[in-house]
Amino acid sequence: MAKILAPRLLRRGVEIFAVFSLLGFGGILFYGNNFQFFLDAMLTLHWGWLVLGILVASMDWVGGGIRLHILLRHVFPSSTLKACVLSAGLNAWGTMITPSQAGGGPAGIFSLKRSGVPIPEGTISTFMSWVATVLFFAVAGPLTIWLGAGRSLEEHGVLGDLSLNDLYRLSLGAFVTVGLVILVVLLFPGLVQRAARGVIRLLERRGYKRLVGRIEEVNAGIDRMHAAMVAYFRGRGWIALAGAVVFTGVAYSNKLVAGYIALRVVGVEAQFVDVLLLQTLIVFLLYFAPTPGGSGLAEVLSVAVMSIYVPRELTPSYILVWRVLVSYLTVGFGSFVFWRWLKMAEAAAKEATVTEGAETS
């Protein structure tokens with residue numbers, strides 16, 4: 001975790017995020033092919049909707065913090081909501097400046113530890129927040145299809161005969177699969193152990209001793225994780241997990257609703273439910289994006305998906321507003337908080353060094 005949270009690496013992540021975002025937006029601006037129209041559109045934004053979008057953008061922190069607090073207090077009752085809000089915000093920040101969201105968990109755990117939460121409890125509760133996210137989309141996605149939402153998307157093609165609704169179902173399948181795998185691992189660790197032993201025996205026969213060691217480490221990690229999470233599958237633990245799944249909708253409300261709000265900011269009206277499904281599709285497709293925060297890919301993907309509602313000349317304005325609400329505010333505020341903490345830590349270390357030197361002399 002220390003390597004992931006190295007200040008130099010995080011600073012590089014912010015720089016890469018900025019560069020890819022600029023390149024992506026530059027390409028979108030070129031695609032719009034009307035710079036003057038872009039400037040005019042930015043001067044005629046619907047500011048009421050923009051203020052609402054900024055408020056909703058805080059759900060990365062507030063909604064995520066409430067969800068984490070529900071989980072953490074089950075294993076660490078003295079946790080505070082403030083600590084959880086900061087942890088959730090730093091988690092969101094970490095996911096946006098590291099490839100494939102790798103830095104989110106360590107950043108959130110670091111924040112909890114700084115607030116006095118032991119690392120084991122912080123790690124488990126942070127991991128269960130991710131489990132709640134996968135379970136939420138694995139349940140909510142099929143529910144939207146069962147209720148018939150998004151049928152109007154079937155008329156919009158993407159790749160030949162493949163409609164947006166087809167793409168939605170395909171991407172949803174990945175979340176359902178991951179959710180089922182997680183449940184099997186958590187509820188039936190014995191199956192995983194037997195499978196791991198079978199793989200180990202096969203590798204041993206073929207002489208892959210280094211891989212054997214790694215699989216044994218993973219197997220031991222699964223055992224420890226299962227033992228620590230037993231509390232979430234007993235008594236009130238089920239209530240905590242269910243509450244976390246419900247509040248995942250609040251924590252992700254920014255990413256899910258920002259597209260609709262961005263449309264209204266630039267003066268485009270659309271069907272709320274269909275836009276919500278499109279934003280869910282974008283969340284699915286970008287969840288494991290290799291670039292920090294999906295930068296570059298997010299802009300291009302959003303243009304492709306939202307082109308059914310956004311005129312070409314309004315595309316740059318829409319993308320800029322959308323990215324501000326979804327990413328830029330969290331990246332900016334999260335960077336301010338994290339580097340402020342680093343400066344405070346450096347100042348405390350210098351003061352301790354001076355005090356130690358004075359006592360020695």
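What residue, of Asp60, Asp40, is among the charged types (D, E, K, R) and within 18 Å of the chain's Cα centre (by Cα)?
After ruling out the rest, the residue left standing is Asp60.
Just the residues that are surrounded by fewer than 20 Cβ atoms within 10 Å (Cβ to Cβ), at positive phi and in a helix (DSSP H, G or I), please, taken from the range 96-123. The one that is surrounded by fewer than 20 Cβ atoms within 10 Å (Cβ to Cβ), at positive phi and in a helix (DSSP H, G or I): Ser100. Of all residues in the range 31-42, those that are over 17 Å from Gly267 (Cα atoms) have Cβ atoms under 9 Å from Cβ atoms of residues that are among the hydroxyl-bearing types (Ser, Thr, Tyr), 6 or more apart or on another chain, in Tyr31/Thr315.
What number of residues within the range 288-312 are within 21 Å of Val273 (Cα to Cα), among the hydroxyl-bearing types (Ser, Thr, Tyr) and touching a Leu at 6+ places or on another chain (Cβ under 8 Å)?
Just the residues of the range 288-312 that are within 21 Å of Val273 (Cα to Cα), to begin with: 298, 301-311.
Filter once more, so that each one left must be among the hydroxyl-bearing types (Ser, Thr, Tyr): 302, 307, 309.
Restricting the remaining residues to those that are touching a Leu at 6+ places or on another chain (Cβ under 8 Å) gives 309.
Here the count works out to 1.
Among the residues of the range 263-277, those that are surrounded by fewer than 20 Cβ atoms within 10 Å (Cβ to Cβ) and more than 25 Å from the chain's Cα centre (by Cα) comprise Gly267, Val268, Glu269, Ala270, Gln271.
Within the range 303-316, the presence of a residue that is buried (at least 17 other Cβ atoms within 10 Å of the Cβ), part of a helix (DSSP H, G or I), at pLDDT 85 or above and under 16 Å from the mean Cα position of the chain (by Cα) is excluded.
Mind listing just one residue for me: the one in the range 10-26 that is surrounded by fewer than 16 Cβ atoms within 10 Å (Cβ to Cβ) and not aliphatic (A, V, I, L, M) and, of those, modelled with the highest pLDDT? By that ranking, first place goes to Gly26. Can you find a residue that is surrounded by 24 or more Cβ atoms within 10 Å (Cβ to Cβ), over 17 Å from the mean Cα position of the chain (by Cα), in contact (Cβ under 8 Å) with a residue 24 or more places away in the chain and in a helix (DSSP H, G or I) anywhere in the range 285-297? No - not one qualifying residue is present in the range 285-297. Selection over the range 61-75 of residues that are buried (at least 18 other Cβ atoms within 10 Å of the Cβ) and more than 12 Å from Thr248 (Cβ to Cβ) gives a count of 7. Residues considered: Gly243, Gly237, Gly259. Of these, the only one that is surrounded by fewer than 21 Cβ atoms within 10 Å (Cβ to Cβ), under 20 Å from the mean Cα position of the chain (by Cα), in a helix (DSSP H, G or I) and touching a residue at least 40 places away in the same chain (Cβ under 8 Å) is Gly243. Please work out which residue is farthest from Val245 (Cα to Cα), limiting yourself to the range 71-95 and to residues that are of a type outside the set (Val, Ile, Thr) and assigned to a loop (DSSP other than H, G, I, E, B). It comes out as Ser78. When Ala57, Ala107 are screened for being among the hydrophobic types (A, V, I, L, M, F, W, C) and more than 24 Å from Ile319 (Cα to Cα), only Ala107 passes.
For the range 163-182, does any single residue satisfy the condition of being out of contact with any helix residue (DSSP H, G or I) (no Cβ under 7 Å at 6 or more places or on another chain) and at pLDDT below 70? Yes; the residues of the range 163-182 include at least one that is out of contact with any helix residue (DSSP H, G or I) (no Cβ under 7 Å at 6 or more places or on another chain) and at pLDDT below 70.
The values are calculated or read from the model by the stated rules, or taken from the named source; none is laboratory data. Here the structure is a predicted model, which means the values were calculated and not measured. Glycine also receives a Cβ, built like all others from the backbone with ideal geometry; neighbour counts cover every protein chain displayed.
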